[in-house]
Amino acid sequence: MTLLRAVKGMNDVLPDEIGSWQRVEAAYARTMSLHGFREVRTPCVEPTGLFVRAIGEATDVVEKEMYSFRHHDEDLTLRPEGTAGAARAYLEHAVHAKEPTSRWWYSGPMFRAERPQRGRYRQFSQLGAEIFGDPGPGCDAEMIDMLVGFLGDLRVPGVEVLVNSLGGPATRARYRDALVQYLTPRAAELSAESQRRLATNPLRILDSKDARDQAAVRDAPTMSELLDDADRAHFDGLRRHLDELGTPYRVDARLVRGLDYYTRTLFEIKGAHDALGAGSTLVGGGRYDLMLAELGGPQVPAIGFAAGLERLLLGSGLAPPGHAVDTLVAPLGEAAASRALSIGRELRRKGIRCEVDTRGGSLKSQLRRANTLGARMVVILGDSELAEGVVQVKDLEARTQDRMPIEQALRIIVDRLMAASRSVDSRPPAPGQEKP
Ligand code: AMP
């Protein structure tokens, strides 16, 4: 019988990898709480219409990448991103009527039927956040600065921030016309996809990876030439704040992003880790001042971002954390097995991470197990120790082994491990390893 395999583009995260995931998640939760964000959890499945309205009909995500299905009389979709669901929840619970501004963060799986490759999956995890009710640009700059700090905590090399302004709806409409006017006589030079986009969503042509499209738009007009006074003042404000914070960034007048809902501030953050390859975009974000009204709510300005967790892991320079447990209890023989279990329980009650080698087996194989686990202390318990009420305490770091009563062994293990963790704690926390 052939073995069943996971769905293509949907990956397992095995226990060997989970430590890295949890460290990023903990660093993220800490960053968010330091900045006054609170966590929100919304369902993985939403009505399909939500994404069509929020993300936009003529986007790659909605046109090609959604996992949609009909269940009884409902059209449903596995969420391809987190903003639409957060906006829906914000409106459904009338949060705007309860507080003038809300800062929410989320993390969880997203689903897009894309062609899987390194850094691009069909199920992936995003860490994201939204600020509702603040028109910016101060919170826009703070959000970008916060993300640069977070990526620094994860030791992501070569962080590059790109910013642009898409203006408001009037600027967008004028720019759309200018772009169509510029590209129509050049339509034959465009890829087939972009020829179609010229009629449906011309801005997306700027985002195309096709060399023909990139050549055709090289000298096209840019959005910044067409910003109206209010949009320009907003963008200047963002840049001034970033300059004063000393947050490095580059204006990229051609930056547009795959989702249709953005207005004014738009940004992308890239990393330069070799492992990232072409998938160097770690974070994408921007303002969506019109979306809540388009979803039937009041006009509430908003900005948000999402970072791909798998990409952060590929782009991070942190070594994977080790150490599954601190202590292994090694019973030698049947008679010692129950006593070993109770010693394990005592150690855990004192806060010591501990595994009892319930397989038994030879001392050699149990010591090998201690090494694999990264345990520093081993409690060895054979028949003669059991009879005398003592154990052997082996300290793999100090390379000592002593025979002592069980009570004394517990004390010594606690003292040594606590002292070791205090000396680690007294050092400045390694970035990304701060306690949440
Ligand atoms: P987006 O929601 O498209 O703006 O993407 C925001 C971030 O999510 C990207 O910068 C990536 O880090 C991550 N991301 C988007 N799509 C995928 C995918 N298919 N696989 C892995 N990460 C993704």
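The values are calculated or read from the model by the stated rules, or taken from the named source; none is laboratory data. Here the structure is a predicted model, which is why all the values come from computation and not from measurement. Here the Cβ is made from the backbone with ideal geometry for all residues, glycine too, and neighbour counts use every protein chain on show. For the accessible areas, the whole protein counts, side chains as well, though only heavy atoms, and no ligand, DNA or RNA atoms are used. Shrake-Rupley method; radii C 1.70, N 1.55, O 1.52, S 1.80 Å.
Things to note:
- When the stretch 363-373 is limited to residues that are open to solvent by 100 Å² or more (accessible area, probe 1.4 Å) and of a type in the set (D, E, K, R), the one that is farthest from the chain's Cα centre (by Cα) turns out to be Lys364.
- Matching residues, the stretch 79-114, being more than 9 Å from the ligand (Cβ to nearest atom), more than 18 Å from the chain's Cα centre (by Cα) and not in a helix (DSSP H, G or I): His93, Ala94, Lys98, Glu99, Pro100, Thr101, Ser102, Ala113
- Here Asp153 passes the criteria (1) under 22 Å from Asp252 (Cβ atoms); (2) at pLDDT 90 or above; (3) in contact with a helix residue (DSSP H, G or I) (Cβ under 7 Å, 6 or more places away or on another chain) except the one numbered (1).
- Condition met for Asp60 (in contact with a helix residue (DSSP H, G or I) (Cβ under 9 Å, 6 or more places away or on another chain) and acidic (Asp, Glu)): yes
- Qualifying residue in the stretch 263-280 (condition: open to solvent by 30 Å² or more (accessible area, probe 1.4 Å), more than 24 Å from Gln123 (Cβ to Cβ), touching a helix residue (DSSP H, G or I) at 6+ places or on another chain (Cβ under 7 Å) and assigned to a loop (DSSP other than H, G, I, E, B)): no
- Meets criteria (free of Cβ contacts under 8 Å to residues at least 12 places away in the same chain, in contact with a helix residue (DSSP H, G or I) (Cβ under 9 Å, 6 or more places away or on another chain) and closer than 23 Å to Leu290 by Cβ) for Val40: no
- Among the candidates Gly360, Gly344, residue that is small (Gly, Ala, Ser) and either in contact (Cβ under 8 Å) with a residue 24 or more places away in the chain or open to solvent by 20 Å² or more (accessible area, probe 1.4 Å) (or both): Gly360
- Going through (1) outside any helix (DSSP H, G or I); (2) open to solvent by 50 Å² or more (accessible area, probe 1.4 Å) one by one, Ala188 falls short only on (1).
- Hits in the stretch 36-71 (condition: on the phi > 0 side of the Ramachandran plot and at pLDDT 95 or above): Gly36
- Contact map, the stretch 196-209: first residue acidic (Asp, Glu), second residue part of a loop (DSSP other than H, G, I, E, B), Cβ cut-off under 8 Å, separation 6 or more or different chains; pairs are Asp207/Val256; Asp207/Arg257; Asp207/Gly258.
- Here the condition is being more than 11 Å from the ligand (Cβ to nearest atom), free of Cβ contacts under 8 Å to residues at least 60 places away in the same chain and assigned to a loop (DSSP other than H, G, I, E, B); of Val329, Val300, Val325, Val256, it holds for Val325 alone.
- The stretch 147-165, residues that are under 20 Å from Ala129 (Cβ atoms) and open to solvent by 10 Å² or more (accessible area, probe 1.4 Å): Val148, Gly149, Gly152, Asp153, Val156, Val159
- Test: Glu57 is of a type in the set (Asp, Glu), part of a helix (DSSP H, G or I) and open to solvent by 70 Å² or more (accessible area, probe 1.4 Å): no
- Asp274 within 16 Å of the ligand (Cβ to nearest atom) and acidic (Asp, Glu): no
- Scanning the stretch 391-403 for residues being surrounded by 15 or more Cβ atoms within 10 Å (Cβ to Cβ) and part of a strand (DSSP E or B) gives a total of 5.
- Just one of the listed residues (Leu318, Leu282) is within 23 Å of the chain's Cα centre (by Cα) and within 13 Å of the ligand (Cβ to nearest atom), and it is Leu282.
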